[in-house]
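Trainee: There's a structure below that I have some questions on.
Quick note: the coordinates plus some simple rules give every number you see, no bench work behind them. All figures in this text were calculated on a predicted structure; none of them were measured in a lab. Quick reminder, even Gly has a Cβ in these numbers, built from the backbone with ideal geometry, and neighbours come from all protein chains shown.
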Amino acid sequence: MSPSPGPGLKIDRGLPNQLDRVARAADELERHGYDGCWVGEINHDPFLPLLLAAEHTSRLEVGTSIAVAFARNPMTVAQVGWDLQAYSRGRLNLGLGTQIRPHIEKRFSMPWSHPVRRMREFVLALRAIWTAWQDGTKLGFDGEFYTHKLMTPMFTPEPQPHGFPKIFLAAVGEAMTELCGEVADGMHAHAFTTRRYLAEVTVPALRRGLQRTGRERSAFSCRRRCSW
């Protein structure tokens, strides 16, 4: 059965992250009228399936829901995001999340501190790197957690006509939700979030974040997983 979204509503679906199943699944989603597909970072890499999904579709948006930002650094994420955006011809939604401290420190052996401030800087660094690649300007990002100042011609990707990938952030608490409204293009709400929490906590926090940068709600997307 094909999805029947209402005005302003998009219907997406998750993709399997087993590579031998991705192409067929993505093709079926596009043929049945879905707007997008997402791959989570669980027991396989979340980016490789998106390459196959983009290759076997022409309209379907492809995205991570989510990739663990703090298991990586802005430069590595910027590069894979840039390449997938180019290969998909502008259909990438780059979904990022923090994970939780035990996984970051004990599974990924990466530093954990000040997750909201760190994520804010991560997003700003991504856009600084992409701007340097697109415009040919000098890269000079110097932050509290991340520093990116070296970009020689050999390591600089070519500019592309598709613009920057859209950045979605996963959020539950008020501070991270406000950050979504401030710096991201969209937000992944938790699947277990209740209607009351969305109304009383999530939406007001998003509005505060949007107001900080003077953006309209129409410029922002909110996605929530439904389980049945």
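Trainee: Over the alpha-carbon set of the chain, work out the extent along each principal axis and list the three values in angstrom, largest first.
Mentor: Reported extents, whole Å, longest axis first: 51, 42, 38.
Trainee: Provide the net charge surrounding PHE164, with neighbours chosen by a C-beta distance below 10 Å and charges set as Lys +1, Arg +1, Asp -1, Glu -1. Before the final figure, lay out each step's value.
Mentor: Values: positive: ARG127, LYS166; negative: ASP185.
Once all neighbours under 10 Å are counted, the net charge is +1.
Trainee: While we're on this one: If I model a spin label at ARG217 and ASP142 as a point 7 Å from the Cα along the Cα→Cβ vector, what separation in nanometres do I get?
Mentor: 4.1
Trainee: Hey, can you grab everything whose amide H is under 5 Å from the amide H of CYS37? Only 5+ residues off in sequence or another chain; H modelled, so Pro and N-termini drop out.
Mentor: ARG13, GLU61, VAL62, GLY63
Trainee: Under 19 Å from the 7 Å Cα→Cβ point of GLU55, by amide nitrogen: which residues of the stretch 91-135?
Mentor: Counting only backbone N, you get 91-93.
Trainee: Show me 36-44, 156-164, 20-28 ranked by packing, highest mean number of other Cβ atoms within 10 Å first. Intermediate results must be reported in sequence, preceding the final value.
Mentor: Details: 36-44: 18.2, 156-164: 13.0, 20-28: 15.8.
For the peptides 36-44, 156-164, 20-28, the packing ranking is 36-44, 20-28, 156-164.
Trainee: Follow-up question, since we're still on this one. Find the eigenvalues of the gyration tensor of the Cα atoms of the stretch 26-123, then list the square roots of 5 times those eigenvalues as equivalent ellipsoid semi-axes, largest first, in whole angstrom.
Mentor: Sorted largest first and rounded, they come to 27, 13, 11 Å.
Trainee: Could you list the residues of the stretch 42-71 with an amide nitrogen less than 17 Å from a label point located 7 Å from the Cα of LEU19 in the Cα-to-C-beta direction?
Mentor: Under cut-off, by backbone N: 42-56.
Trainee: Treating cross-link reach as a plain straight distance, find the lysines whose alpha-carbon is under 24 Å from the alpha-carbon of LYS10, omitting any fewer than eight places away in the same chain.
Mentor: LYS166
Trainee: Net charge within 10 Å of ALA67 by Cβ-Cβ distance, Lys/Arg positive one each and Asp/Glu negative one each, not counting ALA67 itself?
Mentor: Working: positive: ARG72; negative: GLU41, ASP45.
Every neighbour counted, the sum reads -1.
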